[in-house]
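Trainee: Here's a structure for you.
The values are calculated or read from the model by the stated rules, or taken from the named source; none is laboratory data. Predicted model only: the values in this text are computed from it and were never measured. Note that we place each Cβ from the backbone using ideal geometry, even for glycine, and neighbour counts take in every protein chain shown. The area values use the complete protein model at the heavy-atom level, side chains included, leaving out ligands, DNA and RNA. Shrake-Rupley method; radii C 1.70, N 1.55, O 1.52, S 1.80 Å.
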Amino acid sequence: LSHGGGGRAMVQLIGEIFGRAFDNEWLRRGDDGAVLPAPRPGERLVVATDAHVVSPLFFPGGDIGCLCVHGTLNDVAVMGARPLYLAASFILEEGFPLADLQRIVASMAAAAKEAGVPVVTGDTKVVEKGKGDGIFITTTGIGALPVGRELSGANARPGDAVIVSGTLGDHGMAIMAQRENLAFESEIRSDTAALHGLIAELLAAVPQTRVLRDPTRGGLAATLNEIAQQSGVGIVLDEAAIPVDPQVAAACEFLGLDPLNIANEGKLIAICPAQFADALLAALRAHPLGTRAARIGEVTVDAQHFVQMKTAFGGRRMVDWLAGEQLPRIC
Amino acid sequence: MLMIVDPTRVARRLRVRGVVQGVGFRPFIYRFANSLGLVGWVRNDGGGVEIEIQGSEPILDAFTQCLASEAPPLARVDSIEPEVIPPDHSRKDFTILPSVEGIVATAIGPDVGVCPSCLSELFDPQDRRWRYPFINCTHCGPRYTITRSLPYDRARTSMAAFTQCPSCDAEYRHPGDRRFHAEPNACPECGPQLSLHEPHGVPALARDAVAETLRRLQLGEVVAIKGLGGFHLACDAANGDAVLRLRVRKRRPHKPLALMFANVASVAHWARVSAAEAATLESPERPIVLLEKLPHFDDTLPGVAPGLDEVGVMLPYTPLHYLLFHEAAGHPTGTAWLDQVQPAIFVMTSANPHGEPLVQGNDEAFERLAEIADVLLMHNRDIVVRCDDSVLRVRADLPSGPGDAAGAGVQFQRRARGFTPLSMPLPADGPAVLAFGAHFKATLCLTREKEAFLSQHIGGLDNPAACTALDEAAEHLQSILSMRPAAVAHDAHPDYYSTRAAFALAEKLDVPLIAVQHHHAHIAAVCAEHCLDGPVLGLAADGVGLGTDGMPWGGELMVVDGAEFRRLGHLSPLPLPGGDRAAREPWRMACGVLHALGRGDEAIERFAAQPNVEQVLGMLVRGTRCPPTTSLGRWFDAATGLLGVCDTMTFEGQAGMVLETLARRFGESLALPGGFHIDKRPPDGLSVLNLYPLLNQLIDENDAARGAAHFHATLIDGLVQWIGDAAHATGLRRVALSGGCMHNRLLATGLRKRLAARGLAVFEAQHVPPGDGGLALGQAWVARALLARGVL
Ligand SMILES: [Fe+3]
Ligand SMILES: [Mg+2]
Ligand SMILES: [Zn+2]
Ligand SMILES: [Zn+2]
């Protein structure tokens, strides 16, 4: 890729790549924006945006292309909304291989198609070499949310059940394994996936669900701590109930990492009144993305808003909300 | 009584500050004033004690001058402020007035072991408190752990639930009585009672709770015993099965257990006890004292402190402890048995399920200790404040401070019962600062004028109950000192719970928040304890603390001057494969050294028993999750791993303790030639003490004890030269030694002696622990220095 002077041809080329991959009525029109129909009566709009940077760009189970579709769709979906449209903007670094770009765009398009959500508008900029890290993609999603459905991290109530849709830490560990060239018996794959189908089933089965969240950066620990703060409650987890892939657990063991702090890209946390927990679990398990769903803990009354875990030995430990990577603390 | 009639009567009002409440100070003043024929009154108030005296001027002067020296044993007079007032000729006697409530600015006394007068009553069948487990007087008994708020009065303690009988009430009201205003005063008629319970709280069938407890102990059972600031788990130390049972249930396979003996004479059969150690054991504070085991100790008591040459020992401090020994001695009358050798030895370890803070309430004990204790000896007086046993070591090479036994200094491992909440003096007045300490071994420190109040040891903040205890202790400290902090200090590590608690409090109070680098605080704690103003050379010989460059530091040479520090040098870095994992698994540190020396392939065979050895080597090769650390603690771990004596630790500091014991067992050793070198690191010119040559030689050592001795000797050599060079370059003559590694006696005494021989003045943490238990004091010191500069 080149930038600046010879720009016209370049922009045209990129435009063609995108146009071909995402081809739809709005893009074909070639206007500055997309004109979209108003939501159905009784629905409100939800919008979410997410900037995606990942290294490496290609990893087992996915790449930055599908990731930037899933990430934003999931943010819309955990609000309880039906995702409708996506917008995307790219920042490319001069010299970025065209073949990689084509591969990423194809993966993005496939993910959008599979999700049934068109990319209706977009933009691209090329920055000088050294001023970017290959490629950054920002996606924005729009969805429709029925009136009366109110999901929020502030809704957890003491006594509620805490449920997770599957194993934890797969995405972060897949990235780490790729980046650090770690060898495993079988490959650890990112769990990146669009969750709106799963969420639709879940909400149909248990409309009483109070909180949905996707535990991405910072993992389960960061997300649960956020919910505990927002809702003004405590959360107690049961270590034995938390699903972790044995390979991920083994990797965490030798790397000295805690799977609860590791990112996921295709998992959700659901919090609902305890009496609906079984129905919610059944709905998740019936879907291919939720086969390993588990009830992992409960919401408690706690003035300090602690997230803690009953350990396998019967003790308790804090589930930490880390400022960044896991820094050593033992003095 | 001397009667002086002086027509030139003068009057004065005296304000006495210090530890003057709850220690029999008013009855002392009453008797003292009466003996001198003075009239007036004395009363407690929020500021301490207020006295009005009238009489002739020379007598008044004598009274004022002798006040501090004549004060009762537990009192500590910090200041007497006199004020001249007009005499009131109508006053004919000296009285004790009721306490006034006001702005609380006084210090409450710590909990104190039962005194000799109470002991002789306890074992006198004619006394109404014969064998009463809650006997106390103004010279002894519980204080801090039963007090909810100040001023210290019965109504504000957990004794408020017990109404005194007429006999107790008379003692309490009679100014000449030893129990005048003894707030926890009680007797079998009116005070707390013992009860014995099976797990989960079912009352045990027993005619006599103490006799049944002893019977159970002798059967080899594990007994939970409610004490002053928490519960103990006790068992018969001589019963190996019982000790093992306790270890299995507490999931504490190797950590040393403390022992309780009836008296020093009984201890002397098992451990070496110097005069200073004996005096410390017998002091009213009754700390656990670390003593050197005698050679036959492990033949009979192998499970108590395996692999270590020291053992923690304490003497009974509650009447209940004494009753257990009394029962074991066959109910002798009188107190002669207290000086005779008694064979009973009990393990007494704090009753906390693995890693959790002390159990506090009865219901909590029934729940949390159900799987650990076979039977629980309880009572119905509430513990208001949790407080562990204090642990210290007596070192002949340390200067003794006020309050220490003569002839030797002490060094605390853990400062709690008997000492909390006594303050440490500061050289200058300053704003109130609340410092939140570290993450493991958390303590707090609140400053008030020229004093620093260190909280009791709270525990590891990876545990939710400990985090709650930290928050409660912060509240309690502010409340009993009636101080609202003007600033909050904390460690620079973002992920300590204490850091988060500090942020929350600073936001709530809307006061400045001051982050203090970990090792700066370690050195500053020594400066605070010894009132060292101006620059000092500091060695932080530590585990891991976050450096200003985001790296895990821990073997740092620095110049510390109040709010400022400058890093002069550090140990050569070691890879930390797996972060905190490596701090628990010395074999990982050993792999790191082998890899760094180009001998990584040897690790596979050496640590074949470790399932992750190949992965860890792979991490070292690729630099994955291997942050370089300059920590001295990790160098100890690496040496221990290379010598094959401890692959994985089951308690904190185990590797270093085992290595120290081995080195002492080997005896005197010389440093290995060429074992270290000191390099200048470009581009910043930091001085790097490189210990790789030493470890390279240890890899091939097949006698672990000799290797351990070589490690200590060479390390001391290197550190002394390193520090000596820095002292020369900077012109500084005062050296502060601090950090967790300074708990190692071999290292501490060696450094001290060798540095002193170079003409340097050496200071160590003594009354606060050199490890993270003392960090809060250093943080407060730094924060105060910053505030004094008006930067915030
Ligand atoms: Fe430290
Ligand atoms: Mg997101
Ligand atoms: Zn007494
Ligand atoms: Zn009574």
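Trainee: Being in a helix (DSSP H, G or I), more than 12 Å from chain B (Cβ to nearest Cβ), open to solvent by 10 Å² or more (accessible area, probe 1.4 Å) and touching a helix residue (DSSP H, G or I) at 6+ places or on another chain (Cβ under 9 Å) is true for just one of A:L220, A:L224, A:L281, A:L260. Which residue is that?
Mentor: A:L281 is the lone residue from the list that is in a helix (DSSP H, G or I), more than 12 Å from chain B (Cβ to nearest Cβ), open to solvent by 10 Å² or more (accessible area, probe 1.4 Å) and touching a helix residue (DSSP H, G or I) at 6+ places or on another chain (Cβ under 9 Å).
Trainee: Shifting gears a bit: Sort out which residues of the range B:90-112 are in a loop (DSSP other than H, G, I, E, B) and at pLDDT below 85, and write them in order of number.
Mentor: B:P98, B:S99, B:V100, B:E101, B:G102, B:I103, B:V104, B:A105, B:T106, B:A107, B:G109
Trainee: Just to be sure, is A:V301 closer than 30 Å to B:I372 by Cβ, in contact with a Phe, Trp or Tyr (Cβ under 9 Å, 6 or more places away or on another chain) and either among the charged types (D, E, K, R) or within 14 Å of chain B (Cβ to nearest Cβ) (or both)?
Mentor: no
Trainee: Now for a different question. Test B:D111 against the stated conditions and say whether it is open to solvent by 50 Å² or more (accessible area, probe 1.4 Å), in contact (Cβ under 8 Å) with a residue 24 or more places away in the chain and charged (D, E, K, R).
Mentor: When the stated conditions are applied, B:D111 does not pass them.
For every residue, the table says whether it meets (1) in contact with an Asp or Glu (Cβ under 9 Å, 6 or more places away or on another chain); (2) closer than 29 Å to B:A504 by Cβ; (3) modelled with pLDDT under 95; (4) more than 14 Å from chain A (Cβ to nearest Cβ).
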residue: B:D382; (1), (2), (3), (4): no, yes, yes, yes
residue: B:V385; (1), (2), (3), (4): yes, yes, yes, yes
residue: B:D389; (1), (2), (3), (4): no, no, no, yes
residue: B:L398; (1), (2), (3), (4): yes, no, no, yes
residue: B:A406; (1), (2), (3), (4): no, no, yes, yes
residue: B:L434; (1), (2), (3), (4): no, yes, no, yes
residue: B:G437; (1), (2), (3), (4): yes, yes, no, no
residue: B:C445; (1), (2), (3), (4): no, yes, no, yes
residue: B:G460; (1), (2), (3), (4): yes, yes, yes, no
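Trainee: Right, next: Which of the residues belonging to the range A:284-299 are open to solvent by 50 Å² or more (accessible area, probe 1.4 Å), part of a loop (DSSP other than H, G, I, E, B) and not hydrophobic (A, V, I, L, M, F, W, C)?
Mentor: A:T291, A:R292
Trainee: What tally of residues in the range A:37-56 results from selecting those that are part of a strand (DSSP E or B) and either among the basic types (K, R) or within 16 Å of ligand 2 (Cβ to nearest atom) (or both)?
Mentor: Of the residues in that region, 8 qualify.
Trainee: In addition: Any chance the range B:695-703 includes a residue that's assigned to a loop (DSSP other than H, G, I, E, B) and closer than 23 Å to B:T749 by Cα?
Mentor: No, the range B:695-703 has no match at all.
Trainee: Looking at A:G116, is it at pLDDT 95 or above and surrounded by fewer than 22 Cβ atoms within 10 Å (Cβ to Cβ)?
Mentor: Answer is yes for this residue.
Trainee: Considering only residues that are closer than 22 Å to B:V621 by Cα and either in contact with a Gly (Cβ under 7 Å, 6 or more places away or on another chain) or within 14 Å of chain B (Cβ to nearest Cβ) (or both), which ones fall in the range A:176-199?
Mentor: A:M176, A:A177, A:Q178, A:R179, A:E180, A:N181, A:L182, A:A183, A:F184, A:E185, A:I188
Trainee: For A:E265, which of the numbered conditions (1) part of a loop (DSSP other than H, G, I, E, B); (2) facing chain B (nearest Cβ under 10 Å) fails to hold?
Mentor: Unmet for A:E265, out of (1) part of a loop (DSSP other than H, G, I, E, B); (2) facing chain B (nearest Cβ under 10 Å): (2).
Trainee: Quick test for you: out of B:A336, B:A305, B:A329, B:A268, pick the one residue that is more than 14 Å from chain A (Cβ to nearest Cβ) and open to solvent by less than 20 Å² (accessible area, probe 1.4 Å).
Mentor: So the residue among B:A336, B:A305, B:A329, B:A268 that is more than 14 Å from chain A (Cβ to nearest Cβ) and open to solvent by less than 20 Å² (accessible area, probe 1.4 Å) is B:A305.
Trainee: Given the criteria out of contact with any Lys or Arg (no Cβ under 9 Å at 6 or more places or on another chain), modelled with pLDDT under 95 and away from ligand 4 (no atom under 16 Å from the Cβ), does B:L205 qualify?
Mentor: Considered against the rule, which asks whether it is out of contact with any Lys or Arg (no Cβ under 9 Å at 6 or more places or on another chain), modelled with pLDDT under 95 and away from ligand 4 (no atom under 16 Å from the Cβ), B:L205 comes out as yes.
Trainee: Checking the conditions here, which among A:G15, A:G33, A:G42, A:G71 is of a type in the set (G, A, S) and open to solvent by less than 30 Å² (accessible area, probe 1.4 Å)?
Mentor: From the options A:G15, A:G33, A:G42, A:G71, the qualifying one is A:G71.
Trainee: Within the range B:152-171, does at least one residue satisfy the condition of being open to solvent by less than 50 Å² (accessible area, probe 1.4 Å), more than 16 Å from ligand 4 (Cβ to nearest atom) and under 23 Å from B:Y30 (Cα atoms)?
Mentor: Scanning the range B:152-171 turns up at least one residue that is open to solvent by less than 50 Å² (accessible area, probe 1.4 Å), more than 16 Å from ligand 4 (Cβ to nearest atom) and under 23 Å from B:Y30 (Cα atoms).
Trainee: Can you tell me which condition B:R148 does not meet? The list is (1) touching a strand residue (DSSP E or B) at 6+ places or on another chain (Cβ under 8 Å); (2) within 15 Å of ligand 4 (Cβ to nearest atom); (3) open to solvent by 20 Å² or more (accessible area, probe 1.4 Å), and all the others hold.
Mentor: (2)
Trainee: Could you pull out the residue among B:R733, B:R758, B:R754 that is more than 24 Å from B:N690 (Cβ to Cβ), among the charged types (D, E, K, R) and outside the structural domain of B:E310 (by TED's automatic domain parsing)?
Mentor: B:R733
Trainee: Against the conditions (1) within 14 Å of chain A (Cβ to nearest Cβ); (2) of a type in the set (G, A, S); (3) farther than 28 Å from B:P253 by Cα, where does B:A726 fall short? Just the number, please.
Mentor: (1)
Residue-wise test of (1) closer than 24 Å to B:A655 by Cβ; (2) within 24 Å of the chain's Cα centre (by Cα); (3) open to solvent by less than 10 Å² (accessible area, probe 1.4 Å).
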site	(1), (2), (3)
B:L513	no, no, no
B:H522	yes, yes, yes
B:V526	no, yes, yes
B:G538	no, yes, yes
B:V544	yes, yes, yes
B:V560	no, no, yes
B:R567	no, no, no
B:L571	yes, no, yes
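Residues checked against (1) basic (K, R); (2) away from ligand 1 (no atom under 16 Å from the Cβ); (3) assigned to a loop (DSSP other than H, G, I, E, B):
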site: B:L119; (1), (2), (3): no, yes, no
site: B:Y132; (1), (2), (3): no, yes, yes
site: B:D169; (1), (2), (3): no, yes, no
site: B:R179; (1), (2), (3): yes, yes, yes
site: B:G191; (1), (2), (3): no, yes, yes
